[in-house]
Amino acid sequence: MECLDISCIGSTNMNAAIKDALKRDKELKLINVNSMHNVCAGIIGEGSIIIEDSTGLYTGSYLEGLSVRVKGNVGWYAGDDMMDGELVIEKNTGCNVGAYINGGTIVIYGNTGSRVGYGMKGGNIIVCGNAGRWAGIMAMGGELIVLGEVGQRCGESMYSGKIFTRDPETESKMGDNVFLDVLTEEEKSKLDGLFLKYEINAKSCEFQVIRPVLSGRHEYKLFKPDLKPELAKKYTVKRG
Amino acid sequence: MCGIAGIVSKREIDISTSLLKMLSYIQHRGPDASGIAVFAKKDKVTLRVSLSSEDKKEELISIVKKYGTIEDSNLVPAGKTIPIMEIVIDMDSLLVPELHMAINKVSGLAVHSIGNDIKIYKECGHLDQLTQKYTIDTGICRHGIGHVRMATESAEDINAAHPFVSPFYPTLAMVHNGQFTNYFNMRRFLESKGAKFKTMNDSEAASHLIAYAMRENNGDLEAALRYAAEQMDGIFCIIASTDKQIGFVKDKLGIKPLLLVETEDYILMGSEQIEFNVFDANIYADEMEPGEVRVWNV
Amino acid sequence: MDDKKQPQIYNTQKSKWSKETLSEIDYKATYGKYRIRGCATPRYMPHFEDLMILPSQLTRMPIDTYREDCETRTVLGARFATKPLIIETPIMIAGMSYGALSKEAKIALAKASQLVGTVISNGEGGLLPEELENSYRQSIQVLASRMGFSRRNLEVADMLEILCGIGAKPGLSGHLMGEKISKDIALIRQIPEGIDLHSHPRAGDAFGADDMVVKMQQIREMTNWETPIFCKIAAGRVKDDVKIAVKLGYDGIILDGCQGGTGAAPVMASDHLGIPTMPALVQAVRTLEEMGVKEEMSLIISGGITDGSELAKALALGADAVAIGTGAMVAMGCRVCMNCQAGKCAFGIGTQDPELRKKLDIEEAAERVANYIKGMTAEAILLAKAAGKTKLKNLEREDLRALTLEACAMTGVPLVGSDLVIGQGFGFTATNQL
């Protein structure tokens with residue numbers, strides 16, 4: 001296993017150095033990353049990379065085929081536009097993680113911020129901690145699995161895709177144009193497979209799924225008056 | 001478009017050096033200007049004023065003499081921007097708001113900070129320009145805030161750099177990341193209450209608004225931050241601090257980042273995880289919820 | 001002898017001697033008096049369409065049109081009243097009298113206000129009991145004529161409007177022709193049947209502002225200091241009128257531009273009296289800011305407001321709410337034939353004839369007006385969100401730019417593509433030295 005010390009390499013040459021190292025050895029370790037931005041951005045190929053500390057923004061964006069494990073925090077927009085592969089984060093993340101992903105798997109063992117899976121088109125995102133607000137907003141495919149609590153307006157205006165949750169208060173926190181449903185057998189076995197692979201302690205029978213409305217036509221209420229007719233003056237005056 | 005940082009320490013340490021290091025990690029977020037505010041307690045009132053040219057020096061000194069005696073004064077030459085005067089004054093601290101207003105009324109003079117427990121250093125360009133121009137007071141204190149700026153809708157001018165203060169409550173300093181969309185309505189409201197605006201920067205309006213709210217509710221920072229978050233429209237992450245309190249507010253849409261770390265020794269706030277490496281590379285920050293307000297008493 | 005064909009002679013366009021001019025002269029020659037006509041002036045006036053709203057792109061973030069909220073709740077009259085009026089949308093239904101409109105039309109408008117949560121004004125013709133029953137909030141007009149007005153009206157009012165004049169015919173009294181004074185109308189208005197009504201032009205209980213100061217105290221007593229009291233003035237000498245309204249202690253002003261409509265007005269009055277809505281609004285806001293009371297006084301404008309863009313631009317210039325009149329009638333079915341004074345409205349809106357009135361289906365008309373107001377509010381919300389606002393009232397005049405030189409000079413809003421105003425000293429850049 002080769003080990004790269006990022007503090008010696010610097011941010012401009014970092015991804016080039018990683019690509020070079022991957023040609024030599026399929027397993028790589030990065031140390032002293034110190035929350036740098038764009039770590040492993042755009043790397044294609046096979047192999048696995050382990051990052052020993054935290055990274056900054058856009059970690060593993062446009063990833064294709066690699067398996068990246070971060071042993072610290074990641075910043076915003078991690079796994080952005082990912083094509084394939086695996087991104088495993090052991091601690092917490094920022095917001096907008098897994099935005100627009102096409103395929104692959106992102107596993108977050110800690111908590112995530114708001115707008116996770118923004119416009120996701122495929123792939124899986126597993127959040128073992130809590131998700132923030134607007135989880136899975138405007139998803140166009142893919143599956144988002146949240147083990148902890150979901151935030152407000154979960155699944156807002158999804159076009160397609162699924163959100164699996166076991167939060168008992170999901171119904172009050174759902175966004176518009178989605179509904180709560182039970183899992184099919186196929187979905188249950190897929191979930192159990194994922195949990196086994198990533199050593200997550202959960203069972204698919206605890207979960208419900210949020211699906212977009214079947215008609216496919218989203219309804220929006222632009223003007224929402226809060227009517228209180230009983231407060232009009234005429235009701236306080238005795239007439240007659 | 002900007003980067004912010006805030007430190008609250010349980011023990012008294014040299015806050016300004018740590019703040020500058022934190023800001024150097026997020027320099028890429030704001031190449032136009034930078035500034036820090038530190039709250040070391042002194043006996044005499046320190047006044048830092050920017051002058052549009054060195055001829056304004058006499059006028060400034062004549063205003064200051066009406067309120068107290070000048071113990072020490074130092075003129076920092078213009079360098080790449082405009083000159084700054086640092087004056088230490090022996091005066092009654094209750095007259096500080098009046099002196100602040102009197103100096104701001106003169107066009108060409110802009111108060112950067114005034115008080116016996118607040119010092120603000122700000123300059124255009126990169127952080128090196130800030131450290132090269134001033135000798136920053138490394139006196140020990142327990143909290144401070146800092147900012148690097150990328151100008152959006154107003155000029156890149158030294159008076160438009162953050163942190164901002166306001167004569168309504170001179171010990172309040174605030175930094176802001178984002179853009180307000182109802183700046184002109186707020187400006188008209190605040191000008192009717194007596195505020196004098198020195199720039200066209202929307203964050204200046206927010207500082208006057210929070211300070212005005214604090215003056216009206218006798219120094220309750222949390223209520224003032226909630227009031228400001230309700231009145232101002234747009235996207236924002238604000239860190240505001242006085243000599244006794246420090247707090248932040250994040251807007252309801254949660255578009256700008258604000259991370260928080262709380263340990264036994266210190267509390268850190270910032271825009272990116274990378275800033276916290278100054279203290280400990282292994283600490284993990286939490287992202288704040290949209291609409292959250294939190295205040296600590298120092 | 002001349003067999004050559006005569007060439008066809010064409011004169012240039014008859015700009016002065018058009019059909020309209022000739023018909024007006026014929027009318028005066030036949031009857032010896034001025035013509036009275038319903039609806040508003042058909043003349044083109046500079047209006048809000050000459051302003052554009054700036055969207056937010058890189059520096060500001062637009063708000064999601066469909067998934068993020070924009071608040072429209074409006075508070076009116078909070079200056080002195082202890083119970084200010086809170087409505088759900090900044091659109092109110094302007095005062096159109098029972099007499100000019102049929103009973104079915106008034107009930108439909110009241111039901112529409114219930115569906116959207118806004119206030120409806122009763123107009124000159126007294127308070128129809130069915131209207132009071134069905135409205136969400138009721139505004140009572142106190143006019144010089146006091147037709148059908150009594151103390152009972154003060155008690156049920158959520159808002160009072162003390163009228164000085166309306167935009168369509170400022171300085172004139174109300175008109176209702178004999179054809180429209182049926183038995184019901186005569187009963188409510190307490191006048192004989194079948195006469196031609198020309199009501200009182202000036203209020204008989206307060207001649208001038210000096211008496212009005214005392215009268216304000218009296219009305220506050222009568223309403224227990226609870227009800228917001230507005231002053232409805234037609235746009236003319238806006239600066240002086242607004243100053244006096246502020247000094248008299250009103251909670252707000254309703255400003256009616258000359259594009260406003262009415263049931264019956266002399267043609268000369270609606271075409272040649274008053275100033276248009278947009279410059280009147282600018283002058284009123286400028287005056288309120290100079291006096292330092294802009295935050296306290298509520299400002300409602302009316303006169304030719306038809307869609308959400310005009311609402312958004314009016315709010316940006318400084319209004320707090322708008323009132324729609326003719327627009328609501330068109331939503332019910334009116335086609336603006338401008339013959340309201342004859343009382344032969346084919347849609348059952350502006351008539352008292354029982355046969356014609358049957359053509360108006362109340363429930364359907366109420367739903368149409370409610371939909372119209374909802375749609376108008378949604379349009380204004382769309383524009384505000386694109387400009388980056390989460391509350392409608394946060395629109396400001398620096399979000400606007402003027403398309404034409406006249407609009408730029410009239411309002412003091414910079415010309416499109418610049419930050420400069422043509423003609424310093426106009427509109428918002430005025431120093432009001434005069």
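Against the definition (buried (at least 18 other Cβ atoms within 10 Å of the Cβ), part of a strand (DSSP E or B) and within 13 Å of chain A (Cβ to nearest Cβ)), how does residue B:249 come out, yes or no?
No.
Checking residue B:200 against (1) crowded, with 17+ Cβ neighbours inside 10 Å; (2) within 30 Å of residue C:55 (Cβ to Cβ); (3) away from chain A (no Cβ under 14 Å); (4) not acidic (Asp, Glu), which single condition isn't satisfied?
Single failed check for residue B:200: (1).
Could you tell me whether residue C:111 is surrounded by 23 or more Cβ atoms within 10 Å (Cβ to Cβ) and either within 14 Å of another protein chain (Cβ to nearest Cβ) or closer than 30 Å to residue C:320 by Cβ (or both)?
Criteria met by residue C:111.
Results for (1) within 23 Å of residue B:175 (Cβ to Cβ); (2) buried (at least 21 other Cβ atoms within 10 Å of the Cβ); (3) out of contact with any Phe, Trp or Tyr (no Cβ under 8 Å at 6 or more places or on another chain), shown as yes or no for each residue.
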position	(1), (2), (3)
B:12	yes, no, yes
B:25	yes, yes, yes
B:43	no, no, yes
B:54	no, no, yes
B:64	no, yes, yes
B:78	no, no, yes
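Tell me whether the stretch C:345-352 contains one or more residues that are closer than 30 Å to residue C:69 by Cβ and either part of a loop (DSSP other than H, G, I, E, B) or not polar (S, T, N, Q) (or both).
no
If you check residue C:93 against the conditions, is it within 12 Å of chain A (Cβ to nearest Cβ) and either of a type in the set (A, V, I, L, M, F, W, C) or surrounded by 24 or more Cβ atoms within 10 Å (Cβ to Cβ) (or both)?
Here the answer is no, as residue C:93 does not meet what is asked.
When only residues in the stretch A:68-83 that are crowded, with 24+ Cβ neighbours inside 10 Å and away from chain B (no Cβ under 14 Å) count, which is farthest from residue A:111 (Cα to Cα)?
A:82
Considering only residues of the stretch A:165-180 that are crowded, with 17+ Cβ neighbours inside 10 Å and away from every other protein chain (no Cβ under 14 Å), which is farthest from residue C:67 (Cα to Cα)?
Ranking the qualifying residues of the stretch A:165-180, first place goes to A:166.
In the stretch C:361-386, what residues are within 17 Å of residue C:120 (Cβ to Cβ) and either within 14 Å of chain A (Cβ to nearest Cβ) or not in a helix (DSSP H, G or I) (or both)?
Selection gives C:370, C:371, C:372, C:373, C:374, C:376, C:377.
Return the total of residues in the stretch A:80-130 being within 23 Å of residue B:256 (Cα to Cα) and of a type in the set (Lys, Arg).
2
Taking the stretch C:194-213, which residues are surrounded by fewer than 16 Cβ atoms within 10 Å (Cβ to Cβ) and out of contact with any Ser or Thr (no Cβ under 7 Å at 6 or more places or on another chain)?
The answer is C:194, C:195, C:196, C:202, C:204, C:205, C:207, C:208, C:209, C:210, C:211, C:213.
Here's a check for you: in the stretch B:162-197, which residue that is among the charged types (D, E, K, R) and within 11 Å of another protein chain (Cβ to nearest Cβ) is nearest to residue B:5 (Cα to Cα)?
B:187
I'd like the full set of residues that are crowded, with 18+ Cβ neighbours inside 10 Å, more than 8 Å from every other protein chain (Cβ to nearest Cβ) and either part of a helix (DSSP H, G or I) or of a type in the set (A, V, I, L, M) (or both), limited to the stretch C:47-77.
Of everything in the stretch C:47-77, those that are crowded, with 18+ Cβ neighbours inside 10 Å, more than 8 Å from every other protein chain (Cβ to nearest Cβ) and either part of a helix (DSSP H, G or I) or of a type in the set (A, V, I, L, M) (or both) turn out to be C:48, C:50, C:51, C:76.
Checking residue A:38 against (1) under 20 Å from the mean Cα position of the chain (by Cα); (2) more than 14 Å from chain B (Cβ to nearest Cβ), which test does it fail?
Here residue A:38 clears every test but (2).
Can you pull out every residue in the stretch C:279-326 that is part of a loop (DSSP other than H, G, I, E, B) and closer than 19 Å to residue C:409 by Cβ?
C:318, the sole residue that qualifies.
Does residue A:144 qualify as being in a helix (DSSP H, G or I), away from chain C (no Cβ under 14 Å) and either buried (at least 21 other Cβ atoms within 10 Å of the Cβ) or within 14 Å of the chain's Cα centre (by Cα) (or both)?
It is false that residue A:144 is in a helix (DSSP H, G or I), away from chain C (no Cβ under 14 Å) and either buried (at least 21 other Cβ atoms within 10 Å of the Cβ) or within 14 Å of the chain's Cα centre (by Cα) (or both).
Are any residues in the stretch A:98-117 within 12 Å of another protein chain (Cβ to nearest Cβ) and farther than 15 Å from residue A:147 by Cβ, and if so, which ones?
A:113, A:114, A:115
Looking at A:150, A:209, which is the one that is in a loop (DSSP other than H, G, I, E, B), more than 12 Å from every other protein chain (Cβ to nearest Cβ) and of a type in the set (Val, Ile, Thr)?
Checking each option against the conditions leaves just A:150.
Tally time: how many residues in the stretch B:141-160 are among the aliphatic types (A, V, I, L, M), outside any strand (DSSP E or B) and more than 16 Å from residue B:205 (Cα to Cα)?
Total satisfying the criteria: 2.
Which residue is nearest to residue A:110 (Cα to Cα), if the candidates are limited to the stretch B:277-298 and must be in contact (Cβ under 8 Å) with a residue 60 or more places away in the chain and within 14 Å of another protein chain (Cβ to nearest Cβ)?
B:277
Cβ-Cβ distance below 6 Å, separation of 6 or more or different chains: which pairs start in the stretch B:146-160 with a residue that is within 14 Å of another protein chain (Cβ to nearest Cβ) and end on one that is assigned to a strand (DSSP E or B)?
B:149/B:33; B:152/B:179
Checking the conditions here, which among A:194, A:227, A:222 is of a type in the set (A, V, I, L, M), surrounded by 10 or more Cβ atoms within 10 Å (Cβ to Cβ) and not in a loop (DSSP other than H, G, I, E, B)?
A:194
Looking only at residues that are crowded, with 22+ Cβ neighbours inside 10 Å and in a helix (DSSP H, G or I) in the stretch C:387-396, which one is nearest to the other protein chains (Cβ to nearest Cβ)?
Going through the qualifying residues, I end up with C:394.
Is it the case that residue A:237 is within 14 Å of another protein chain (Cβ to nearest Cβ), surrounded by fewer than 16 Cβ atoms within 10 Å (Cβ to Cβ) and of a type in the set (A, V, I, L, M)?
Spelling it out, residue A:237 is indeed within 14 Å of another protein chain (Cβ to nearest Cβ), surrounded by fewer than 16 Cβ atoms within 10 Å (Cβ to Cβ) and of a type in the set (A, V, I, L, M).
Sort through B:3, B:35 and tell me the only one that's under 19 Å from residue B:243 (Cα atoms) and at pLDDT 90 or above.
Exactly one residue qualifies, and that residue is B:35.
Out of B:274, B:235, B:255, report the one residue that is within 14 Å of chain A (Cβ to nearest Cβ), assigned to a helix (DSSP H, G or I), buried (at least 17 other Cβ atoms within 10 Å of the Cβ) and among the β-branched types (Val, Ile, Thr).
Unique residue meeting the criteria: B:274.
May I ask you to list the residues in the stretch C:329-344 that are part of a helix (DSSP H, G or I) and surrounded by fewer than 22 Cβ atoms within 10 Å (Cβ to Cβ)?
Result: C:330, C:342.
Working carefully through the options A:19, A:29, find the one that is over 23 Å from the mean Cα position of the chain (by Cα), part of a helix (DSSP H, G or I) and either among the basic types (Lys, Arg) or closer than 27 Å to residue B:283 by Cβ (or both).
Matching residue, one of A:19, A:29: A:19.
The values are calculated or read from the model by the stated rules, or taken from the named source; none is laboratory data. From a predicted model like this one, the values you see are computed outputs, not experimental measurements. When we count neighbours, we look across all protein chains shown, and the Cβ atoms used for this are built from the backbone with ideal geometry, even at glycine.
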